[in-house]
Each structure stands twice: as structure tokens, then as C-alpha cells.
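Each remark here refers to the structure printed beneath this line.
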Amino acid sequence: MDSAEIPTVERVHGLYRTMLLIRAFDEYAGEARRGGKLRGSVHSYVGEEAIATGVCGALRRTDYISSYHRGHGHCLAKGADPDAMMQELYGRAGGVCGGKGGSMHVADFSHGILGANGVVADGVTIAVGAAQAVKLRGEDRIVVAFFGDGAMNRGPMLEALNWARVFDLPVLFVCEDNLYSDRTRTGSVTGGPGVIARAAAFGIPAETQDGNDLVAMAGTAGRLVGEVRAGRGPVFLHATTYRWHGHLALDQGLYRHPEELARWKALDPLPRAAAWLAARGVPASTLEEDRAAAAARIVNAAVAAEAAPWPTRRALFADVQDVGAPS
């Protein structure tokens, strides 16, 4: 990485705190789902935190992101309130979607979060549509589409890549390649030379980055976001990573070899970032205080969510369009 791409110690420290918050949030969410406190699906982002943090750290509040079913980290990194996020998972009225979206459909338009999507690759088409609107309006903002490696085998993904290139849209495609599509190893069901080649086939500049290296992710994301904002058109970032837990909170991940999991846990992005900071003078006591503060923040958010009111029956009829204009 060019020295110009290396973020400052202060910036990395701030991003490190964001990673800690995401880790604490998703560890709690998984435990709460397994313990019966939460209903519905919960897809853990533990192990992948450096990607969302590095990319969203390079964005402005006015920029847009689209997410997918593993989207808690994206939303928190883009600035969503942890309290409102937690209340959404609990289905409470104070949630970012009024308690009606749940874990797989979190959205917060005030922070440019267009929403998570349970249909694989459909969030990418939403991002491309938003980028088309941005270009038509001449707005100074970009769009980031987050998706997993499994999305590369879906028709909407290829349509989105093609459309973005044809119209030179301001969109950064970010593939979070954690090797598995649900419970299937992606490589076993993917033809051709891989993710980068598919992006390149549409004439979209693409590169691979270690998605567990926060400093590298932040530097690369900052450069690519700048290129997209400058009018280069669509760009593709392939970030390699690994999810520690199963596809869902109740999935034990027994289809993966324990040695494979151990190898990837040794590449945990949090201690790697902590070591980088420590080598540059950040005291160990400060890093521990950061960890404790993140954990306490999420515990408090959970306590508040459990005590928060349920949506009223009237909320059933809000945000719903039947015939004619929405009301």
C-alpha cells in the first residue's frame, strides 16, 4: 500500500472503536437469538468488521449504502444509532424501522442506509438504481453496494454490473467474500476464474484486498471512494474475509473444518488493528477501555430495548401503499 493511503493513528483508532461496537452488537445479537430473546433470522457479521468499517469510514453522511442479510455492521459503521438498531431487532417501536423490519431489513434513510435485503443480490440492484438517480440529479454523492460472494452467481448481480458500466454510475461494489454461500462453499458452485474476472468482464476496474486488515481496507476504500466520486464510474472491491459463526445464529457451522476456522480466527481484524495502534504508541489500557466501553454500550442498548414499548396496532397501517398515493 502506498504511504499516501495509510490512515493516521487517530483515524485508525476511531475506526477500531467502530469495529469494537459492531463486534459487541453482533455477539450480543447472536446470543440473544440463541437464548430465545429475539425472533426471526439473525446473521452474524463477527469476523468481517474491518470491511464495513473501512469502507463506511471513507463515506460522507449524504452517501448511500445498500446492504444484505448480514447487515448490522454496515448500518452501524454508516452511523445508525445502536439503541435504535437494537430496538429494531427486538421489534420495538423505537427501532430504525419502527420494529417492523427486524434484523434482515434494517434501514435508516437519515444516514443514507437504503436498507438490508434478504433476497440475495437484490440490494445491489437497489444501489444501482440509487446511483442512477444520483447521476440524473447531478448530486455530489456516491453509492456503495455491499454483498456476499454468493451474490456473484445471481442474475440480478450481473444485471447490476452491466447497467452500472453502461451508464457509468457512481457506485462502489464491495464483495465480502467469506468463502461460503449459506452452507455451501462458494468455490464448489462457481464456474470460471472467480469474482474479479466477472467484474472485469463488464469493463469494471476491480481489485482484491485483505478484508481482515483494517488499515489496508481503510486506505484502499478511501482511494476507491475518491475515484468514484471524481467521476471514474463504477469500481469493484473484492474483500477476502471469513465469518466465524454459521450462516444463521442457530447454525452451528458443522460443515466447516475446525482447522479452517482456527486459521481464520488467527486473522481476527480486531487484535490486528489493536497491535497496529499499540506499535504506534496507543497504550494497552486505552485499548482495553475502548473494548469495555463498546461492550457496555451494547449492554445498555439491550436493556433499553427490552424495556421499550411495542409498536401500536396503528403502526400496521403506516408505511404501506395499497392504491394511489401513500398515506
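The values are calculated or read from the model by the stated rules, or taken from the named source; none is laboratory data. Owing to the predicted nature of the structure, the values given are computational and were not obtained by experimental measurement. So basically every Cβ, Gly included, is an ideal-geometry build from the backbone, and we count neighbours across all protein chains shown. In case anyone asks, the SASA skips ligands and DNA or RNA and just uses the protein heavy atoms, side chains included. Shrake-Rupley method; radii C 1.70, N 1.55, O 1.52, S 1.80 Å.
The table for this structure:
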{"read-out": "Verdict on residue 242 being open to solvent by 40 Å² or more (accessible area, probe 1.4 Å) and under 15 Å from residue 181 (Cα atoms)", "value": "no"}
{"read-out": "Residue count for region 20-73, restricted to those that are β-branched (Val, Ile, Thr) and not in a helix (DSSP H, G or I)", "value": "4"}
{"read-out": "Residue that is most open to solvent (accessible area, probe 1.4 Å) [pool: residues in region 179-214 that are of a type in the set (Asp, Glu) and assigned to a loop (DSSP other than H, G, I, E, B)]", "value": "182"}
{"read-out": "Subset of region 226-278 (residues that are part of a helix (DSSP H, G or I) and either within 17 Å of the chain's Cα centre (by Cα) or among the polar types (S, T, N, Q) (or both))", "value": "269, 270"}
{"read-out": "Residue count, region 24-38 (criterion: free of Cβ contacts under 8 Å to residues at least 40 places away in the same chain and open to solvent by less than 60 Å² (accessible area, probe 1.4 Å))", "value": "1"}
{"read-out": "Checking residue 182 against (1) out of contact with any helix residue (DSSP H, G or I) (no Cβ under 8 Å at 6 or more places or on another chain); (2) at positive phi; (3) modelled with pLDDT under 95, the condition it does not meet", "value": "(1)"}
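Condition check ((1) assigned to a loop (DSSP other than H, G, I, E, B); (2) among the basic types (Lys, Arg); (3) at pLDDT below 95) across all residues:
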| site | (1), (2), (3) |
| --- | --- |
| 77 | no, no, no |
| 84 | no, no, no |
| 95 | yes, no, no |
| 117 | yes, no, yes |
| 129 | no, no, no |
| 136 | no, no, no |
| 140 | yes, no, no |
| 145 | no, no, no |
